[in-house]
Amino acid sequence: MKAPGTGTAPADETRGLGVDSSRLLVTGAAGRVAGQLLPALADRGDVRLTDRTDEVGASSAAHLAVGELTDPGLLDELLDGVDAVVHLAGNPDPDSSWSELREPNVEAFRALLDAARRHDVQRVVFASSVHAMGVYEGLGRWPIDPAWPPAPCCAYGATKAFDEALARVYAYRSTMSLIGLRLGLCSPTASAAEAAAGWLRPADLQQIVIRALETDVKFGIYPAVSWPSRGRWNLDPAMRELGYEPDRQGRWEADDDEAAGGGHLSTCTPDEKDAEPVDAAEPSRLRR
């Protein structure tokens, strides 16, 4: 049994818990992140998929259930006999309004956890985001410790911070284990700026999700980024507690089109009209 988790929750919330994740549900199966993750789950015997759309690869379509996670009947069908859930569904757009975020990012997650508890699901691994800690990133307070209080930089990040808090409630009040992964930019390629800011290559995405499914940590929230991003996001807890070993040898490969993803920042910056002047002599105040 591993030592209690550090940083993201008090020790009495993180006692070891062995989990069987052989029967697995993946939500958001038609999304970009799932497209990078699912190849690593292909050899698992019982993987169920769900999304609000049926636009997934042909190899996955046979196992796909289409519907909304706020539908109790669909959740009961999907979770019957399931050991673990990888929850990737939601609205991933940091520019979305609260009205566009509330149902897919908050209400759906609450409904999923309620149903998972009823069906005795042992573990939920859920996608949070670096945006839940975006204020620290925007102010240059690096490396960001996952033990610090959430500091979202946008409404999207606030929904993820709420999800993390809700997950802690369920970990405390039930036997279910919940592991949150603050995903960076999930992409096969990255510019130099993206690689430093908060990037997660597919192989590292696959590894950290599988480690989260296999760990005996009951509750924890961890940054999920690749090795080039370690200067901004403290990977020590994920490496120590989950056994995550990001690829240190593989180099990031810049997009052929330097403009591709060029607008991506690891997190959101203040609106220009509201931003305070930046003093170049104060590195902690630098904004990208």
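List of remarks:
- Cα pair distances of segment 62-113 binned at 10 Å [whole percent]: 22, 53, 21, 4
- Gained length - Asp80 relative to Asp236, 0.36 nm times residue gap less alpha-carbon distance: 52.6 nm
- For Leu25, the residues whose modelled amide H falls within less than 5 Å of its own, excluding neighbours fewer than 5 places apart on the same chain, are Arg48, Ala84, Val85, Val86.
- Between Asn91 and Asp145, the modelled label-to-label distance comes to 3.4 nm, taking each label 7 Å out from Cα in the direction of the beta carbon.
- Packing here is the average count of other Cβ atoms within 10 Å per residue, and on that basis the peptides 127-137, 26-36, highest first, run 127-137, 26-36.
Values in this text are rule-based calculations from the coordinates and carry no lab data. Worth saying up front: this structure is predicted, and the values here are computed from it rather than measured. Please note: Cβ atoms are built from the backbone with ideal geometry, for glycine as well, and neighbour counts cover all protein chains shown.
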